[in-house]
Amino acid sequence: MTKGRQSSAPGRKHNVKRLRLAAIGCGGRTYTYLSLAAQEPDHYEIVAAADPQPGRVERIRTLSGNPSFRAFRNDAEILAVDRLADIMVIGTQDSFHFEPCQRALEKGYDILLEKPIATSPEEVLALARLADRLGRRVLVCHILRYTPFYRKIKEILDSGIVGDIITLNAIESLGPWHQAHSYVRGHWAVTEKTSPMIVAKSCHDLDICSWLIGSPCKSVSSFGGLTHFTPQNAPLGAPARCTDGCPVGHTCNFNALLYATRERAWLSSVYDEEAGAPLEQIRAWLRTSPWGRCVYRCDNTAVDHQVACMRFANEVTATFTMTAFDAGRCIEIYGTRGFLTGRNERQTEGADILFIQHHTYNRTRWNVTSPVGGYAGHGGGDPGLIHALYEEMNKPDAADMASSIQRSVESHLMGFAMEASRLTGKTVDMADYVGRVSNELK
Ligand SMILES: NC(=O)c1ccc[n+]([C@@H]2O[C@H](COP(=O)([O-])OP(=O)(O)OC[C@H]3O[C@@H](n4cnc5c(N)ncnc54)[C@H](O)[C@@H]3O)[C@@H](O)[C@H]2O)c1
């Protein structure tokens, strides 16, 4: 990273070295992160952004409050000029993380990289090796690591009151509408064009399993598929689009017209003119947008349920379940001194519950609250990550960064290996798998 104090916004004195942030890809994620960074002007200065959609770059200019802010039309343009920031935020879609990240590293940037790191195990490993070789820092947006909920679990485990972990079960329930929005109608619906669900979405959970268990994963197996969001389940007479007079629209939980009412909050992430848009405008947009399609008549291939089993080097066994059909996460940890369970879910809105049943029959309960962020802000993970970014990038030893690319590679490769297992029906030995991926890179 560049040393020495950075220039400040006019009229303001900063006593610490601020980190200059630039971004490639100014969609929902980058906007969220940079909005949070803008609230910490003593730590961050937003200096530039690139996106083919000029309105998105202008949104970033506005929140930067920086008269010297520079706008670029794409990754190539921003990476063609001399390095203009300490950190490049890579917030493009999954299939376009690898290339801009590689070039930004070569240009001398440290990186805040959206998950997944990349869409193939070879690219994941290649980026981690490149960062190592160049001595650059890459922080992966594994936001769960920065939530009060999972930090509390880690603190409890480290205190020893649960004893040694023997077994762990984790569940991620995506939520039916979230599944429909993102993995049926949306950006991550066609696995072959992005990354498999177990990596794209569940890399967060696998990262948490790996972090809490604290031992290398030895082998994995997985089953799952796409069962519900298929043409076979389309109601009789349902047209291709919900705007085309569906006979069951009034009772369908996935009616796209709900974007105008109950599910309005989802719209802003895909429709830039959402703010204040009247119903007719939203209807008109739904008539041509992918988000207006019947969920039973899309080109989706992403699974709506998947389970995975893991065996770790310390003989801990773990299971993970991803399902579309509830909203929230829960975890069970069986230890030699007690059983810990916790739920982090939409209903509790940031007041998550952790419970320990000690083997002595005593019980301890914690209500873990996220002061900011709520469920929509990933249980405090978004603000937690951006708040921690400054400290992470300034740690004397990059190996101590909580969600560094080096630490994140393990859980990403577990995800890719699980997908291989799901597709082949075979258990995957992680050492063999990583060996094969490494050979591909030679
Ligand atoms: N950490 C998390 O919890 C979390 C949550 C949701 C999404 N994500 C990930 O974040 C990433 C971004 O998601 P999003 O919802 O913000 O996506 P988005 O589609 O809203 O934004 C991507 C942006 O990249 C821009 N872009 C495309 N080509 C470009 C180029 N050549 N140069 C510069 N910009 C370019 C697009 O115009 C778009 O504005 C995805 O990889 C996604 O999987 C992470």
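The values are calculated or read from the model by the stated rules, or taken from the named source; none is laboratory data. Keep in mind that what you see is a predicted model, and the values were worked out from it rather than measured. Virtual Cβ from ideal backbone geometry, glycine too; neighbours counted across all protein chains shown. Each accessible area value is taken on the protein alone, full model and side chains, heavy atoms only, with ligands, DNA and RNA left out. Shrake-Rupley method; radii C 1.70, N 1.55, O 1.52, S 1.80 Å.
Per residue, the average separation of C-alpha pairs within less than 8 Å and at least 6 apart gives region 249-292 a relative contact order of 37 percent. Projecting the Cα atoms of Ser421, Leu105, Gly342 onto the charge dipole of the chain, computed from C-beta unit charges around the Cα centre, puts Leu105 farthest toward the positive end. Taking each DSSP H run with n ≥ 4 as -39500 (n - 2.57) and averaging over every residue of the chain yields -9500 deg cm²/dmol at 222 nm.
Here the dipole of the chain is about 520 debye; that uses its Cα centre as origin and unit charges on the Cβ of Lys and Arg (positive) and Asp and Glu (negative). A simple spin-label model places pseudo-atoms 7 Å from Cα toward Cβ; at Ala399 and Ala275 they are separated by 4.7 nm. Note on Glu391 and Ser268: the extension gain reaches 41.2 nm, defined as 0.36 nm multiplied by sequence separation minus the Cα-Cα distance. With an a/c value of 1.5 or above and a/b larger than b/c for the gyration tensor axes a ≥ b ≥ c computed over the alpha-carbon atoms, region 249-292 is described as prolate. Which one of Ala318, Pro235, Gly276 is farthest out on the positive end of the charge dipole of region 215-353, using unit charges on Cβ (Lys, Arg +1; Asp, Glu -1) and the Cα centre as origin? Farthest towards the positive pole: Ala318. Rounded to whole Å, give me the distance from the Cα center of region 13-61 to that of region 255-323. A separation of 26 Å, based on Cα centres. With a ≥ b ≥ c the root eigenvalues of the C-alpha gyration tensor of region 70-212, is it rounded (a/c under 1.5), prolate (a/b larger than b/c) or oblate? It comes out oblate by the Cα gyration axes. Counting 0.36 nm for each residue step from Ala76 to Thr230 and taking away their Cα separation leaves a gain of 51.6 nm.
Computed extension length for Asp432-Thr261: 56.5 nm, one decimal, from 0.36 nm per residue of separation with the Cα-Cα distance subtracted. In the context of the full set of protein chains, the chain has a per residue accessible area of 43 Å² (1.4 Å probe).
Computed over the chain, relative contact order equals 20 percent, with contacts defined as Cα pairs under 8 Å that lie 6+ residues apart. Counting heavy atoms of the protein chains alone, Cys246 has an accessible area of about 40 Å² for a 1.4 Å probe. Taking Lys and Arg as +1 and Asp and Glu as -1, the other residues whose beta-carbon sits under 12 Å from that of Arg436 total -3. Under the shape rule built on the C-alpha gyration tensor, where the axes satisfy a ≥ b ≥ c, region 10-159 is oblate, since a/c reaches at least 1.5 while a/b does not exceed b/c.
Summary of the geometry: region 142-209 and region 397-442, compared by the centres of their Cα atoms, lie 16 Å apart. When all protein chains stay in place and ligands, DNA and RNA are ignored, the 1.4 Å accessible-area order of Ser370, Ser159, largest first, is Ser159, Ser370. Remark: spin-label model distance Leu441-Glu332 equals 3.7 nm, labels positioned 7 Å along the Cα→Cβ axis.
Cβ-Cβ distance of Thr341 and Thr62, R₀ of 45 Å, FRET efficiency by 1/(1 + (r/R0)^6): the value works out to about 0.55. Using only side-chain charges placed at the Cβ, +1 for Lys and Arg and -1 for Asp and Glu, the dipole size of region 249-292 relative to its Cα centre rounds to 180 debye. With every protein chain in place and a 1.4 angstrom probe, the accessible-area ranking of Phe223, Phe229, largest first, reads Phe223, Phe229.
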